[in-house]
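In what follows, a structure is listed as structure tokens, so that the remarks can point back to it.
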Amino acid sequence: MANPLDVLPVADGIGLPWDVAVDDAVGAIATARARYGDTFVVESGGGRYLFTFSPTGVESFYALGEETASKGVADFLMLRRKLPDEVFAGRRLLPSSLFRRDDVTSYLANLDGALDATEVELGESGTVDLFALTRRLGHRMGLASWAGPGCADGDAFERLVRAFDVLDGSDAFVHPDAMAAVAASGMRAERAALTEVSEVIEASLRQHDSTPEVRAGLFSRIVDAWASEPPDVRNRGIAMDIALIHIASMSNLMAALGWALVDVIVHPDQLRLVADGDRELASSCALESTRLAQRSIMARVVLEPVAFDTGVGVVDVPKGWTIATLLPLLNTSAAAGLEDWDPSRWHRHRLVDAHALPSPMLVTAFGHGRHSCPAQPFSLAAMTMAMTRLVGRYDMRPEWVGYPRPVSAQIGGVARAADPCPVGYTKR
Ligand code: HEM
């Protein structure tokens with residue numbers, strides 16, 4: 001079987017944004033695809049990447065097993081550009097253990113409470129940045145769900161918001177160009193923010209320990225996991241479990257909610273129905289906006305040499321390579337009409353016309369196959385609740401200049417807006 005370097009084109013002069021300065025990270029890979037076709041190799045920062053965009057190549061990608069080609073390792077290598085190793089080492093409750101049915105019910109109840117607080121902060125009328133609003137909402141819902149007593153209110157909340165804004169792991173793919181500076185600083189700001197998180201959580205733990213009969217969901221499970229450790233190890237371990245869960249959770253959901261609100265606000269027909277409480281439509285709008293806002297690089301690090309069908313032949317991808325595809329180059333171009341916002345293309349969680357695509361795997365909001373997002377039902381329920389509530393209670397008017405643009409260096413996750421996105425609002 002052939003080595004990819006013997007049979008596939010190597011994209012000349014293309015690097016990935018955490019290795020070299022790139023103005024438009026997705027655009028650079030699009031240019032390579034236009035020049036070299038659906039499968040090509042990128043050599044960047046000493047690593048080798050096999051990019052694939054053909055129907056067969058994308059299907060082969062989603063069929064890769066974690067033991068031979070790992071998503072976990074790819075995520076870790078990405079996030080550790082931004083986060084100190086101690087956030088990852090020794091974790092006892094991982095973000096993947098967040099979605100038990102009763103957990104989700106409690107997160108949605110906390111979202112309801114966070115929306116109450118948002119309404120108080122918004123008041124009767126004003127102007128607010130839409131993405132800042134959804135981000136703050138996400139912090140409040142998340143911290144109420146897993147960070148312990150008192151962490152979603154007052155001074156403790158504000159301190160955690162400031163710390164987690166410094167610790168935002170998504171900077172690794174939203175601002176990959178900034179990662180060299182993070183490394184050069186020895187992650188000083190990130191380490192200081194982790195200390196701040198530990199201090200706030202420690203105070204919350206004291207409150208928890210003084211009323212052990214009050215037990216709350218995920219936070220209690222985290223506390224139980226560290227029960228047998230001496231106080232210092234216990235405090236730090238609990239704080240780091242909470243930190244990793246919060247960092248993982250805030251990455252995409254609230255950005256996606258921001259785009260869903262942007263899109264529904266500029267579509268008066270759908271806006272009227274969502275404001276009247278049409279939950280099914282709100283969920284379709286959320287899926288559609290997420291599809292269009294997807295900037296994800298989907299990556300797997302090869303752990304054992306693997307036979308990979310690109311669609312024009314099978315290559316033997318060596319250990320240490322990364323196999324990747326890019327959702328923004330598939331989601332809007334795999335068939336005609338996909339560049340438009342049209343929530344009616346979704347029936348529940350499925351694309352109505354998936355059978356008309358060269359492969360149904362060419363379009364997605366939450367991924368396909370074994371690694372598809374375990375948080376999809378929760379995320380759609382949360383976006384639906386927040387959209388119906390916010391546009392139901394407030395008349396919202398765009399005050400942005402032109403439809404918001406994604407951050408151009410971003411390669412991964414759901415788009416973050418490059419510019420402010422002000423919206424005027426008046427209580428109905
Ligand atoms: C609108 C919000 C979200 C979007 C669009 C989204 C999207 C995705 C996508 C596309 C994947 C598959 C990636 C791949 O195959 O490489 C994924 C996986 C994953 N997502 Fe989400 N996600 C969202 C919210 C969340 C939230 C709130 C969490 C909470 C922690 C979460 C946790 C995960 C985890 C743990 C995986 C990996 C699953 C595995 O490897 O088996 N996601 N997500």
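How far is the Cα center of segment 259-336 from the Cα center of segment 33-47, in Å?
Taking the Cα centre of segment 33-47 as reference, the centre of segment 259-336 is 20 Å away.
How much length is gained on full extension from residue 373 to residue 353, taking 0.36 nm per residue of separation minus their Cα-Cα distance?
Here the segment from residue 373 to residue 353 would lengthen by 5.1 nm.
Please give, to one decimal in nm, the separation of the simple spin-label points placed at residue 203 and residue 272, each 7 Å out from Cα toward the Cβ.
Rounded to a tenth, the inter-label distance reads 5.0 nm.
How far apart, in nm, are the 7 Å Cα→Cβ label points at residue 224 and residue 86?
Between residue 224 and residue 86, the simple spin-label model gives 2.8 nm.
Please grab the % of Cα pairs in segment 130-185 that end up more than 14 Å from each other. The partial results should precede the final answer.
Details: 938 of 1540 pairs.
Above the 14 Å cut-off, segment 130-185 has 61 percent of its Cα pairs.
What is the gain in length, in nm to one decimal, between residue 319 and residue 6 on full extension, counting 0.36 nm per residue of separation less the C-alpha to C-alpha distance?
111.1 nm
Taking the Cα-to-Cβ direction at residue 101 and at residue 180 and moving 7 Å from each Cα, how far apart do the two end points lie in nm?
According to this spin-label approximation, the distance is 5.2 nm.
Quote the Stokes-Einstein diffusion coefficient, in whole µm² s⁻¹, for segment 294-338, based on the Kirkwood radius over alpha carbon pairs, a temperature of 20 °C and a viscosity of 1.002 mPa s.
Diffusion coefficient, whole number: 177 µm²/s.
Which percent of Cα-Cα pairs in the chain sits in each 10 Å bin, short to long?
Percent of pairs per bin, in order: 4, 21, 30, 26, 15, 4, 0.
Would you mind telling me which residue in 241, 24, 171 has the biggest mean-square fluctuation in a Gaussian network model of the chain, where springs connect alpha carbons within a distance under 10 angstrom?
Fluctuation is largest for 24.
Residue by residue through segment 255-260, what is 3J(HN,Hα) from phi via Karplus (6.51 cos²θ - 1.76 cosθ + 1.60, θ = phi - 60°)? Round to whole Hz and write x for glycine and proline.
These are the phi-based 3J(HN,Hα) values: 5, 5, 4, x, 5, 4 Hz.
If we restrict to alpha carbons, what Rg and Dmax does segment 332-398 come to, in Å?
For segment 332-398, the Cα radius of gyration and maximum Cα-Cα distance read 14.6, 42 Å.
Based on Cα coordinates alone, diagonalise the gyration tensor for segment 42-118, multiply each eigenvalue by 5, take square roots, and list the semi-axes in whole Å, largest first.
So the three semi-axes of segment 42-118 are 34, 19, 15 Å.
Give, to the nearest whole percent, the P(r) tail of segment 1-56 beyond 12 angstrom, counting all Cα pairs.
65
So what's the back-of-envelope 222 nm ellipticity for the chain, counting only DSSP H runs of four-plus at -39500 (n - 2.57) apiece and dividing by all residues, rounded to 500? Could you put the intermediate results ahead of the total?
Working: 16 runs with 202 residues, N = 428.
Taken over the chain, the calculation gives -15000 deg cm²/dmol.
Tell me, what does the Kirkwood hydrodynamic radius of segment 77-130 come to in angstroms if you use every pair of distinct C-alpha atoms?
Details: mean 1/r = 0.0674 Å⁻¹.
After inverting the mean inverse Cα-Cα distance, the result is 14.8 Å.
Please report, in whole Å, how far the alpha carbons of segment 1-146 spread along each principal axis, starting with the longest.
Extents along the principal axes: 62, 39, 33 Å.
Any read-out appearing in this document is the output of simple, stated calculations on the displayed coordinates, not a laboratory observation. As the structure is a computational prediction, the values presented were derived from the model and not from experiment. Ideal geometry is used to build each Cβ from the backbone, glycine not excepted, and the neighbour counts take in all protein chains shown.
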